[in-house]
Amino acid sequence: AGRETISFEVFISAGVGSNSALSDVNVTVSPLTGAGTLTSDNTGSSNVTRYLEGYVPYNGVNAGYVSELQANGQMPDPLIPFYDPYDSGNPAVATPFNVQSGTTQGVWVNISIPASQAAGAYTGTVTVSGNGIGTVTIPVNMTVWNGNLPAFDEGSINSSYADMLKSWIPFYDSNFVNGE
């Protein structure tokens, strides 16, 4: 629906061994076309944003996350934009990137759908390329539904949405205020 953001993640794995690290890896997303076009051009007005999943050292505090550790003891946490969204020149920040031997690198892709986007089926491709992996193309199929999610501040204008915002605050407080 309009005003919705759809996310998915692409994982790139490097095998174990001295010659298995991957270098100069890049993930691109074509424009999604169908009833209209969702752009993917690395500018602030692009509908597609890519993030490199960053990793931080694991300190052993919460044993519940052990399954998410990389072979090198790192845990996924920050999302680093491929291109600087605050610089009008959009310089590269996290692309291309390398994948160390024995690890898996995640790349988040967000597709933001404007309120004015035409409903219908959209298609495009995700392309992963780099030294040690060649080029892999993954199809993307998405349906944009007719209608829009309420605007972020709709609860202050329309009281029927104010209840939705009020129900979110207790959920947030009980689940996220003290950490993930």
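The values are calculated or read from the model by the stated rules, or taken from the named source; none is laboratory data. It should be emphasised that the depicted structure is a prediction, and the values quoted were computed from it without experimental measurement. Note that we place each Cβ from the backbone using ideal geometry, even for glycine, and neighbour counts take in every protein chain shown. Quick note on the areas: whole protein, heavy atoms, side chains included, nothing else; ligands and nucleic acids left out. Shrake-Rupley method; radii C 1.70, N 1.55, O 1.52, S 1.80 Å.
Put simply, of THR103, THR135 the only residue that is modelled with pLDDT of 90 or more and among the polar types (S, T, N, Q) is THR135. Please work out if TYR83 is at pLDDT below 75, farther than 20 Å from ALA14 by Cα and surrounded by 12 or more Cβ atoms within 10 Å (Cβ to Cβ). It is false that TYR83 is at pLDDT below 75, farther than 20 Å from ALA14 by Cα and surrounded by 12 or more Cβ atoms within 10 Å (Cβ to Cβ). Considering the stretch 1-11 alone, what residues qualify as being over 15 Å from the mean Cα position of the chain (by Cα) and in a loop (DSSP other than H, G, I, E, B)? Scanning the stretch 1-11 gives ALA1, ARG3. Considering only residues in the stretch 12-27 that are over 19 Å from the mean Cα position of the chain (by Cα) and of a type outside the set (A, V, I, L, M), the one that is surrounded by the most Cβ atoms within 10 Å (Cβ to Cβ) turns out to be SER20.
The rows are residues; the columns are (1) surrounded by 14 or more Cβ atoms within 10 Å (Cβ to Cβ); (2) outside any strand (DSSP E or B).
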site	(1), (2)
THR95	yes, yes
ASN98	yes, no
GLN105	yes, no
ILE111	yes, no
ALA115	no, yes
VAL126	yes, no
THR137	no, no
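Of the listed requirements (1) at positive phi; (2) modelled with pLDDT of 90 or more; (3) surrounded by 14 or more Cβ atoms within 10 Å (Cβ to Cβ), ASN90 misses just one: (2). For beta carbons closer than 8 Å, sequence separation of 6+ or different chains, a first residue in the stretch 1-20 that is in contact (Cβ under 8 Å) with a residue 12 or more places away in the chain and β-branched (Val, Ile, Thr) and a second that is open to solvent by 50 Å² or more (accessible area, probe 1.4 Å) and in a strand (DSSP E or B), the qualifying pairs are VAL10/ILE138. Of the set (1) modelled with pLDDT of 80 or more; (2) within 21 Å of the chain's Cα centre (by Cα), all apply to GLY36 but (2). If you go through the stretch 44-55 and keep only what is open to solvent by 50 Å² or more (accessible area, probe 1.4 Å) and more than 21 Å from VAL144 (Cβ to Cβ), you end up with GLY44, TYR51, TYR55.
In the stretch 28-41, what count of residues is obtained for those that are open to solvent by 50 Å² or more (accessible area, probe 1.4 Å) and within 15 Å of PRO81 (Cβ to Cβ)? So the answer is 2.
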